Amino acid sequence: MTTTETYPPITMSERADAAEEELILALAKSSRPAVSPLYRLGEMDPTHNRGPIPETAVEWDSGRKMLMRDDPRLPKMPDKPTLMDYFRYRIAPANHLLQSATHALKGGHSEKVVLACLLHDISVLGFIRADHGYWGAQMLEPYVDEEVTWAIRAHQALRFFPDESVDYYYPEMYVRLFGDNYQPEPYIVQAYEEAKKHKWYMTARLITLNDIYSFDPDAVVHWEDFIDIIGRNFKQPEEGLGFDGSPVAHMWRTLNWPTRAL
Ligand SMILES: [Fe+2]
Ligand SMILES: [Fe+2]
């Protein structure tokens, strides 16, 4: 049995968007998506690869242009995308987040905690895995309460450190994933030490507590349970995420158009 994740129904305007998407697909047949250096790091040595990079070597004679906006291989985003649009069109299925938030909701926690659980791994699922707590917090910072992003940032470190007073133990899964002898790096240890003394420590700790129960492949979860909480706690910019001129708008635009040449 697979995990079920349900979305609100498709609206008329979204159907119109789908038609527009087909048109863009036809128009963009001859364009070339770019692959960012970050995507290749680890797959090839950037300091020694001096060969041509096909995605950036424009074939001047063929008339093929580089992509500078929508990638026809991806669903087209609305012009003024909302958080839910990103979840619908750009971010991997969010079962883990929905399960975590559902646990928090059932546990009677505050909307801030539920929202923090709902968004805590947004970077893993949609953007960048390494240092995901930091990236996730940063991209959300202008739109949610400071306590929410503080907690999301801190969960990155707290995940590695038990707190027996609230029955949080080092995750078994980490032993399987990282081995018996894995030691968090000094910056993670330092972040943990600082978080321990912080007034919002328990908000971040609650993310880790609800996190460990959130890997049930049979759980049925619903976005509908969280739409109102998002509405009350996420300041959706009128211009759309990515186009509001916030200090992190570029992060959302990159998620919208990940293969733009520049
Ligand atoms: Fe996480
Ligand atoms: Fe998680």
*In region 93-139, what count of residues is obtained for those that are free of Cβ contacts under 8 Å to residues at least 60 places away in the same chain, away from ligand 1 (no atom under 12 Å from the Cβ) and farther than 18 Å from VAL220 by Cβ?*
2
_Condition check: within 14 Å of ligand 1 (Cβ to nearest atom) and of a type in the set (S, T, N, Q). Does THR208 satisfy that?_
yes
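This table checks each residue for (1) exposed (fewer than 11 other Cβ atoms within 10 Å of the Cβ); (2) modelled with pLDDT of 60 or more; (3) among the charged types (D, E, K, R).
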site	(1), (2), (3)
THR2	yes, no, no
LEU41	yes, yes, no
VAL58	no, no, no
MET77	no, yes, no
LEU83	no, yes, no
ARG90	no, yes, yes
*Inspect region 131-147 for any residue being within 16 Å of ligand 2 (Cβ to nearest atom), touching a helix residue (DSSP H, G or I) at 6+ places or on another chain (Cβ under 7 Å), of a type in the set (Val, Ile, Thr) and in a loop (DSSP other than H, G, I, E, B) and give the result as yes or no.*
no
*Which of (1) within 19 Å of the chain's Cα centre (by Cα); (2) in a loop (DSSP other than H, G, I, E, B) is the odd one out, the single condition THR208 does not satisfy?*
(2)
*Members of region 211-232 found to be outside any helix (DSSP H, G or I) and within 16 Å of ligand 1 (Cβ to nearest atom), listed by number*: ILE212, TYR213, SER214, PHE215
_Just to check your reading of the model, which residue among PRO171, PRO186, PRO142 is of a type outside the set (Ser, Thr, Tyr), assigned by TED's automatic domain parsing to the domain that holds ALA104, within 14 Å of ligand 1 (Cβ to nearest atom) and surrounded by fewer than 20 Cβ atoms within 10 Å (Cβ to Cβ)?_
PRO171
*Here are some residues: GLU164, GLU147. Which one is in contact with a Ser or Thr (Cβ under 9 Å, 6 or more places away or on another chain), more than 18 Å from ASP225 (Cβ to Cβ) and charged (D, E, K, R)?*
GLU147
*Kindly indicate whether PRO184 is over 30 Å from LEU67 (Cβ atoms) and at pLDDT 95 or above.*
yes
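The values are calculated or read from the model by the stated rules, or taken from the named source; none is laboratory data. Bear in mind the structure is a predicted one, so any value in this text is a computation, not a measurement. Please note: Cβ atoms are built from the backbone with ideal geometry, for glycine as well, and neighbour counts cover all protein chains shown.
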